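A short worksheet on the structure shown next.
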Amino acid sequence: MIHDQANYERDAADVHEPLLSEKGTAIVDVRESSPLPDELTREELTLPNPEEPAVARHYTRLSQMNWAIDSGPYPLGSCTMKYNPKFTEDVAADPNAAVHPDRSERSVQGTLELQYRLQEFLAEIGGMDAVTLQPPAGAAGELTGILIARAYHAHHGNDRSEVVIPASAHGTNFATAAMAGYDVVELPSGDDGRVDVGALEAAVGDDTAALMLTNPNTVGLFERDITEIAEIVHDAGGLLYYDGANLNALLGRGRPGDMGFDVMHYNVHKTFATPHGGGGPGAGPVGVVEELAPYLPTPRVRDTNGEKGYETFEPEHTIGKVHGFQGNWLVLIKAYAYIARLGDEGLADAAAKAVLNANYLAEQIDLDVPYGPFHHEFAATAGDRDAADVAKRMLDFGVHPPDDEVAGDGARGDVDRADGDRGAVVARRPRGSVQPRVRRQRRGARDRAEPHRRGPDRPGGRRAEPPALVAGARRGVSRRSAPRPITRRRRRGRLLAVASRPVADGRVAS
Ligand SMILES: Cc1ncc(COP(=O)(O)O)c(C=O)c1O
């Protein structure tokens, strides 16, 4: 099915979902209702005026042209979305949640307290000392974190020019380092899919500002050498950045701060069940160790311990603002609600289920799955089959395929066994059943091979192009001068305590 805004093809017929205004309009007299001067107002307005059933059907049809977390699992790989529980919508819809950020602090103490508590929850979960809620996405969190690292080095008169990133990392890591003005040193993976410690030793040196690492990494493998990795980077005077996209696998069980990470972002849509930013506001809070707290974006929220209640303040060497106020609060409040409702046990349980699901699915799937056992996700190759065909076939059967190649992901703890089994069955259908079809597209005849079937229930309209793997400049690993040891800091060892009218021919005259 090819969508062109509100057009799609079904059973060889073009189907068009008109705009609401094409379904019927009414002219409304607005002369009386405006307090504005006459020269600034109109006398009448033409507004869409369909009957309620037509409105309901219109939006239902539009929603069916898309794939959504409420339609089925959304296993994209590291970017896998968690189901968004509806109770968090209730929390965010509470009129008290949407206070105007310019109101006096005295009058929004409840909101500030929640923001403060969320900062604390996230710090506790990540083993960090301080958190900003401001960045509006995981990628924005990465940029914030690397800008913080840059400010830290600059403040210590220690300008460094490179960020080291494993080849398996998400494209946003490379883009982030390049946007922050760093040269990217790409680190090849070892034979076991993990960081090659020897290559890391060769890659870091006096110019290393930071190593960006995802753990478990993007093929679902825990970086077992993380303590040694942290030591190597710290001894060279660099900082260790944690890409929190895969934190779901560690929730309540392991903390980046305890592993030696200095700065991290949290993808709240992957870990704490909020909607993703795409198409709407998102959030990617950043946590740091104490030494980096003075560089966090402004403002942050603190508890004055009874003196003035909760207040905002500017960190001493702040990098400035990366978004307005405390970020996208109505998304963040959903993360708060999720964490508060699950508590310690629930969070640890979510991580366990995600890991179990991924390993279960990796066993079921009849594709070549290298490495393992896994954490929350795994990578599979389609062998001599075209990965795009396998992915499209999965779509045909109502199973959203993982991105990049095929079958990249296990689960986020919210996929039931039937969904997992279905995904595995669909992915392993023999190649022979992936039938090329010739079809006519709306705008002129264009042949395209396409597996199996099409129809309004087939999720995802457009042919997915494989995403560009890496953004930003990269260059090879180079040998560095001997690492310069520096004294590293203490680590806390706390336990987690957080608790149209129906269309026949596709067109309706208005
Ligand atoms: C490993 C990894 N890092 C960073 C990101 C970027 O996060 P966001 O989509 O919230 O910008 C993603 C994907 O979403 C990811 O999978």
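The values are calculated or read from the model by the stated rules, or taken from the named source; none is laboratory data. The model shown is predicted, which means the values in this text are computed figures rather than measured ones. Positions of Cβ are generated from backbone atoms using ideal geometry, with glycine treated the same way; all protein chains shown enter the neighbour counts.
Annotations
- Residue 307 being farther than 20 Å from residue 124 by Cα, part of a strand (DSSP E or B) and more than 16 Å from the ligand (Cβ to nearest atom): no
- Checklist (1) assigned to a helix (DSSP H, G or I); (2) in the same structural domain as residue 276 (by TED's automatic domain parsing); (3) not β-branched (Val, Ile, Thr) applied to residue 59, failing item: (2)
- Selection count, the range 108-151, where residues are of a type in the set (D, E, K, R), closer than 23 Å to residue 351 by Cα and away from the ligand (no atom under 16 Å from the Cβ): 4
- Verdict on residue 315 being farther than 17 Å from residue 97 by Cα and under 22 Å from the mean Cα position of the chain (by Cα): no
- Screening the candidates 154, 169, 177 for the property of being away from the ligand (no atom under 15 Å from the Cβ) and either assigned to a strand (DSSP E or B) or over 18 Å from residue 234 (Cβ atoms) (or both) yields one hit, 154.
Yes or no, residue by residue, for (1) at pLDDT below 95; (2) buried (at least 17 other Cβ atoms within 10 Å of the Cβ); (3) not aromatic (Phe, Trp, Tyr):
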site: 297; (1), (2), (3): no, yes, yes
site: 311; (1), (2), (3): no, yes, yes
site: 317; (1), (2), (3): no, no, yes
site: 337; (1), (2), (3): no, yes, yes
site: 365; (1), (2), (3): yes, yes, yes
site: 371; (1), (2), (3): yes, no, no
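- Scanning the range 118-139 for residues that are assigned to a loop (DSSP other than H, G, I, E, B) and farther than 19 Å from residue 343 by Cβ yields 128, 129, 133, 134, 135, 136, 137.
- Checked across the range 214-233, the condition of being in a strand (DSSP E or B) and closer than 22 Å to residue 138 by Cα holds for at least one residue.
- Residue list for the range 235-254, restricted to those being within 12 Å of the ligand (Cβ to nearest atom) and either assigned to a strand (DSSP E or B) or at positive phi (or both): 241, 242, 243
- On inspection, residue 221 passes the criterion of being of a type in the set (A, V, I, L, M, F, W, C), modelled with pLDDT under 95 and within 16 Å of the ligand (Cβ to nearest atom).
- Any hit, the range 101-117, residues being at pLDDT 90 or above, part of a loop (DSSP other than H, G, I, E, B), among the charged types (D, E, K, R) and assigned by TED's automatic domain parsing to the domain that holds residue 327: no
- Any chance residue 320 is of a type in the set (Gly, Ala, Ser), within 17 Å of residue 102 (Cβ to Cβ) and in a loop (DSSP other than H, G, I, E, B): no
- Selection status of residue 327, surrounded by 15 or more Cβ atoms within 10 Å (Cβ to Cβ) and in a helix (DSSP H, G or I): no
- Residue check, residue 403 modelled with pLDDT under 80, under 22 Å from residue 266 (Cβ atoms), in a loop (DSSP other than H, G, I, E, B) and not small (Gly, Ala, Ser): yes
- Any hit, the range 83-90, residues being within 16 Å of the ligand (Cβ to nearest atom), closer than 27 Å to residue 361 by Cα, surrounded by 13 or more Cβ atoms within 10 Å (Cβ to Cβ) and of a type outside the set (Gly, Ala, Ser): yes
- Qualifying residues in the range 255-304 (those that are assigned to a helix (DSSP H, G or I) and under 20 Å from residue 74 (Cβ atoms)) - the one farthest from the ligand (Cβ to nearest atom): 271
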